[in-house]
1. Report, in whole Å, the centroid distance computed from the Cα atoms of the range 59-136 and the range 242-319.
2. Just in the range 34-132: which GluC sites (Glu not before Pro) are loop by DSSP and have at most 15 other Cβ atoms within 10 Å?
3. Treating only the Cβ atoms of Lys and Arg (+1) and Asp and Glu (-1) as charged, compute the dipole magnitude of the range 161-295 about its Cα centre; round to the nearest 20 debye.
4. Starting from the Cα-Cα distance between D345 and R145, subtract it from 0.36 nm times their residue separation and give me the gain in nm to one decimal.
5. Computed over the Cα atoms of the range 158-307, what is the ratio Rg over Rh, Rh following Kirkwood?
6. Inverting the mean 1/r over all pairs of different Cα atoms, compute the Kirkwood radius of the range 117-211 and quote it in Å.
7. Please compute the alpha carbon radius of gyration of the range 10-99, then divide it by the globular-protein estimate 2.2 N^0.38 Å. Two decimals is fine.
8. With a 10 Å cut-off between alpha carbons and a GNM built on the chain, which of A73, A227, A242 moves the most?
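Here, each number is a calculation from the coordinates, and none is a lab measurement. These numbers come from a predicted model, not from an experiment. Glycine also receives a Cβ, built like all others from the backbone with ideal geometry; neighbour counts cover every protein chain displayed.
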Amino acid sequence: MQGLDDRTYTADAEPGDHATIAGWVHEIRDLGGIAFLILRDTTGRIQVKFEKDEMDEELVETGLGVSRESVIAVTGDVDEEPRAPTGVEVTPDSLSVVAEADTELPLDPSGKVDAELPTRLDNRTLDLRKPEVKAIFEIRAEIFRAAREAFREANATEITTPKIVATGTEGGTELFPITYFGEEAFMNQSPQLFKQLTAGSGLERVFEIGPIFRAEEHNTPRHLNEATSIDFEGAFCDHEDAMDVCESVVLAAYEAVEENCSEQLETLGLAADFEAPTDSFPRLTYEEAIERINATGKLDEQLVWGDDLPTEGEHALGQDVGEHYFVTDWPSEIKPFYIKDHDDDETLSTGFDLMHPRMELVSGGQREHRHDRLIAGFEQQGLDPDEFEYYTKMFKYGMPPHAGWAIGAERLVMTLLDLDNIREAVIFPRDRQRLSP
């Protein structure tokens, strides 16, 4: 078999070329005196023609005897053929089987036979050969590219924070303990504390796209135990500034998908209806949010001040607003210790959430940068400040006001593409039941 470094992708094959094309056997159609093999690579599909009476018998037997999803390399002339799926076909003068596939496949990558999500996730490599599944992750990659570009336009520097930590970011039971050289450690729930410390350095504005780990017992279509978090933190920013950056990143993601992923949207059947938001997102106060939820009449009991927004309340408000929206000015008592209160009303926090009509995407706010207030916040939430000394002591050395937020990347992909289950937005998801592959 010749080397494949100079192979031609199916999408680049032109009439008149003599090309080597490598990929997977998608389908074989034997019509008697003539047969066709459809070869698939990452760019699409191409027809390979076998005229049995005019070709080498061994070549024909090899080409028509290979099992579906085997990897092959075909070399031959590329000719125009309007009846072929892509308008061209290859007449092979050589064909080699690079890696033969079993004849019994656990799922059908052609998509003609549907498979349940657990089967798809158990056999993700095969599942990703389906164009609509591959399109999800090509779009996900474009979202990340656009987010990074938007952060850089906001003068933010990309950082990487530890995923193995001595103490949990938020305390509680949502921690995965591990053994670290004989000592107890944990998988980090969030880069929150580390990105704050970095924002307090000379970098000032920072962002990270990386994994987070939550030992939540949830088993729903919108929860994961390992997720990807898109984080921002900015020194000399307040909560309004942070929301501006958040909005710009989300808008950039939608605009990039609209501009650069038309083929993938078409594959997913979304091209006709997909439209990037063009206006700023409404900003509702928490008080306005619960009033509007109560006004919908869709809850069994009316919400009162201090209640968190239940899932059914989020859905009711999402339908009422009909677009992305922020909820601001949450009660201080239901936001984390590190969220700063308003200076003129300590019952209100600077915390905010960004909501999609289907679910929450972002949690953020301005942080408490005053050392004494920060220590008081730890104590009020039953946390021992001494366990977080690496964090709290830096607030003695000139910590500027700062604000930030985190987007659940899979939720962003899920809502942008209207996926039914968040696991469809992860190649190899981790949840309560799934640790492999």
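1. First find each Cα centre; the distance between them is then 39 Å.
2. E100, E104, E116
3. Its charge dipole is roughly 540 debye.
4. That works out to 68.1 nm of additional length.
5. 1.03
6. The answer is 16.3 Å.
7. Expressed relative to 2.2 N^0.38 Å, the Cα Rg reads 0.95.
8. With Cα springs under 10 Å in the chain, the top fluctuation among A73, A227, A242 is at A73.
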